[in-house]
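Engineer: I'd like to ask you about the structure that follows.
Just so it is clear, none of the values below were taken in a lab; they were calculated from the coordinates. Please read all numbers here as calculations on a predicted model, not as lab measurements. Cβ coordinates were reconstructed from backbone atoms using ideal geometry, including for glycine residues, and neighbour counts include every protein chain displayed.
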Amino acid sequence: MALNPPDQYRDDRNLSARQRLWAHQEPYFDIVGWVLGLAGVSMGTRVLDAGCGNGMYLRALAARGVRAVGCDLSPGMLRATGHAAVACADVSALPLREAAFDVVLAVHMLYHVPEREAAMSELRRVLPRAERAPW
Ligand SMILES: C[S@@+](CC[C@H](N)C(=O)[O-])C[C@H]1O[C@@H](n2cnc3c(N)ncnc32)[C@H](O)[C@@H]1O
């Protein structure tokens, strides 16, 4: 059986099954809170969640009053987000303006992307110049 069958993200059934497992971690680790803390988001931060899946981070951002845009290759995933601001797009060719966001998230998704350099270049392009890491 392939570890990453190409249609595994056609909808959010597989991802949400994994998320239900994580809810039973012992001890529990709040990965979403940890990631958002590292990213330093707060009200007013413009966030792009690239490869947003079924919107676990989008919901946590909304609960903090942070406006975010989600993007994902899978229309089925995007439907499951229930989020208004989403784009069906490949992270390697984002249909988004330069410097449109203050923070980009790409959580548990870059290992799926064949064109990783293009993806990194796109993620940098949508950040303000000062926020772009030197890599
Ligand atoms: C493991 S899920 C992670 C979802 C979410 N980031 C999370 O942590 O809950 C990976 C997601 O990346 C999306 N994805 C894979 N390749 C992509 C690409 N090239 N561009 C945009 N999204 C992609 C998949 O459709 C899937 O929803």
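Engineer: Which condition does GLY70 not pass, out of (1) near the ligand (Cβ under 8 Å from one of its atoms); (2) crowded, with 19+ Cβ neighbours inside 10 Å; (3) small (Gly, Ala, Ser), if it passes all the others?
Structural biologist: The number of the failed condition is (1).
Engineer: I need a count of the residues in region 34-67 that are more than 18 Å from ALA85 (Cβ to Cβ) and within 13 Å of the ligand (Cβ to nearest atom).
Structural biologist: Looking only at that region, the number is 2.
Engineer: Kindly provide the set of residues from region 42-93 that are part of a strand (DSSP E or B) and of a type in the set (Val, Ile, Thr), ordered by number.
Structural biologist: Start the filter on region 42-93 by keeping residues that are part of a strand (DSSP E or B), which leaves 47-50, 68-72, 86-88.
Selection gives VAL47, VAL69, VAL86.
Residue-wise test of (1) among the hydroxyl-bearing types (Ser, Thr, Tyr); (2) within 22 Å of ALA119 (Cα to Cα).
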site	(1), (2)
GLN8	no, yes
GLN19	no, no
TYR28	yes, no
ARG46	no, yes
GLY65	no, no
SER74	yes, yes
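Engineer: Answer yes or no as to whether LEU73 is among the aliphatic types (A, V, I, L, M), under 14 Å from LEU127 (Cβ atoms) and touching a Cys at 6+ places or on another chain (Cβ under 8 Å). Step through it out loud before you land on a result.
Structural biologist: On the way: among the aliphatic types (A, V, I, L, M): yes; under 14 Å from LEU127 (Cβ atoms): no; touching a Cys at 6+ places or on another chain (Cβ under 8 Å): yes.
No.
Engineer: Which condition breaks for ARG129 when tested against (1) of a type outside the set (Gly, Ala, Ser); (2) exposed (fewer than 12 other Cβ atoms within 10 Å of the Cβ); (3) farther than 24 Å from LEU38 by Cβ; (4) in contact (Cβ under 8 Å) with a residue 12 or more places away in the chain?
Structural biologist: (3)
Yes/no matrix, rows are residues, columns are (1) within 12 Å of the ligand (Cβ to nearest atom); (2) under 18 Å from TYR9 (Cα atoms); (3) free of Cβ contacts under 8 Å to residues at least 40 places away in the same chain:
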{"position": "PRO75", "(1), (2), (3)": "yes, yes, yes"}
{"position": "VAL86", "(1), (2), (3)": "yes, yes, yes"}
{"position": "ALA89", "(1), (2), (3)": "yes, yes, yes"}
{"position": "ARG97", "(1), (2), (3)": "no, no, yes"}
{"position": "LEU123", "(1), (2), (3)": "yes, no, no"}
